[in-house]
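Can you read through this structure? Questions will come right after.
Here, each number is a calculation from the coordinates, and none is a lab measurement. Fair warning: this is a prediction, and the values are worked out from it, not measured in the lab. FYI the Cβ positions are ideal-geometry reconstructions off the backbone, even for glycines, and counts take in every protein chain you see.
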Amino acid sequence: MRVQTWLSRDRLAVLAALAAPLLLTVILVPFRASFPNTDAALALLLVVVAVAANGYRWAGYLAALSAAVWFDFFLTRPYEELTINRRADIETTVLLLVIGVAVTEIAVWGRRQQAAASRRAGYLDGINAAAQAVAAGSSTAELIAQVSARLTELLSLRSCEFQYGKAGLGRPARLQMDGRVVTEHRTYAASEGLPDDTDLELLVENGGVLQGRFLMRPRPQAHPTLEQRLVAIALADQVGASLVGAHPIDI
């Protein structure tokens with residue numbers, strides 16, 4: 001288990017960034033007099049791209065730097081020295097480094113976009129599951145438990161409790177429909193974190209009629225995104241739809 005933890009994806013990328021460019025340049029040393037240095041630089045760039053594709057910025061930077069250093073040391077005259085005499089080799093080395101950094105940034109951006117798309121898919125799955133539970137006439141208690149678990153994850157909560165027919169009791173902060181949080185003393189913009197010194201309520205309504213609230217306690221430094229807050233509100237709406245005509249004894 002310890003080996004698996006230590007050999008994480010990012011750490012493996014760092015090891016590859018250190019070893020792969022060195023290994024390739026060593027392989028190319030016997031042939032360095034018989035082919036242009038630009039071809040060797042392209043081969044090294046492929047290695048940098050392969051490492052950068054992992055999406056870990058520091059591994060990509062390290063691979064680009066490693067490729068440039070070993071290209072200089074092994075494949076440019078004077079050999080086995082960190083010195084370059086030819087202008088063309090200097091330009092090739094600089095381009096190798098710059099392109100490696102650029103490719104890394106593109107890969108990091110792509111990884112973030114993929115992660116964001118995966119999160120959005122998870123949010124939609126949660127909303128769809130709640131909607132299907134309502135449509136199927138599932139137990140209101142089961143739906144509330146399901147949504148409570150989702151809210152705990154989405155908003156980074158320490159606790160989440162549904163209270164039937166209550167609003168404002170105890171003067172907690174309130175999560176508004178636009179994602180802002182309002183307290184007695186101030187309003188937290190959607191870009192700000194959640195207050196961790198007071199409870200937070202999310203009203204559950206249907207057609208403007210109060211059904212209840214989720215009373216929540218955020219974790220310290222909880223900072224859900226606007227998207228996460230809006231998903232939480234959509235989940236509360238599904239609970240509101242399921243509670244129409246329900247009586248407290250039913251939940």
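Pick from P21, P78, P172: which residue has the top mean-square fluctuation in a GNM of the chain where Cα pairs under 10 Å get a spring?
Between P21, P78, P172, it is P78 that shows the largest mean-square fluctuation.
Limiting things to C-alpha atoms, what are the Rg and the maximum Cα-Cα separation (Dmax) for the stretch 2-99, in angstroms?
14.0, 48
What are the extents of the Cα atoms of the chain along their three principal axes, listed from largest to smallest and rounded to whole Å?
86, 42, 35
Another question about this same structure. Mind checking which of E205, E91, E227 has the largest fluctuation in a GNM of the chain, springs on alpha carbons under 10 Å?
Result: E91 has the largest fluctuation of those listed.
List the residues of the stretch 9-43 whose backbone N lies under 19 Å from a point placed 7 Å from the Cα of F73 along the Cα-to-Cβ direction.
Residues 14-33, 40-43 qualify, since their backbone N sits under 19 Å from the label point.
Also, I was wondering about something else. Count charges around I106 for me, please; just the other residues with Cβ under 14 Å from its Cβ, Lys/Arg as +1, Asp/Glu as -1.
Once positives and negatives cancel, what remains is +2.
Another question, if that's okay. Filter the DSSP H helices in the chain by two things, a Kyte-Doolittle mean of at least 0.5 and an axial alpha-carbon span of 18 angstrom or more, and list the hits by number.
Values: long enough: 9-28 (28 Å, 1.68); 37-52 (22 Å, 2.08); 57-75 (26 Å, 1.09); 87-135 (71 Å, 0.47); 140-155 (22 Å, 0.76); 226-243 (26 Å, 0.87).
Helices meeting the criterion: 9-28, 37-52, 57-75, 140-155, 226-243.
Follow-up question, since we're still on this one. For the modelled label position 7 Å from the Cα of E192 along Cα-to-Cβ, which residues of the stretch 165-182 have backbone nitrogen atoms closer than 18 Å?
172-182
Can I ask one more? Tell me the mean residue ellipticity at 222 nm calculated for the chain from its helices only (DSSP H runs of n ≥ 4, each -39500 (n - 2.57), averaged over every residue, nearest 500).
On the way: 7 runs with 143 residues, N = 251.
Taking each H run of at least 4 residues, the total per residue is -19500 deg cm²/dmol.
So, one more: Order these by the 10 Å Cβ neighbour count, fewest first: T76, T93, T104, T83.
The fewest-first ordering by Cβ neighbours comes to T83, T93, T76, T104.
Assigning unit charges at the beta carbon (Lys, Arg +1; Asp, Glu -1) and nothing else, what dipole magnitude in debye, to the nearest 20, does the chain show about its Cα centre? Walk me through the intermediate numbers first.
Values: 23 positive and 23 negative charges, 53 e Å.
In total the dipole reaches around 260 debye.
Select from V101, V48, V209 the residue whose mean-square fluctuation is largest in a Gaussian network model of the chain (Cα-Cα springs shorter than 10 Å).
In the Gaussian network model the winner is V209.
Restricting to Cα atoms and excluding each atom paired with itself, what does the Kirkwood estimate give for the stretch 154-251 in Å?
Computed over Cα pairs of the stretch 154-251, the Kirkwood hydrodynamic radius comes out at 13.5 Å.
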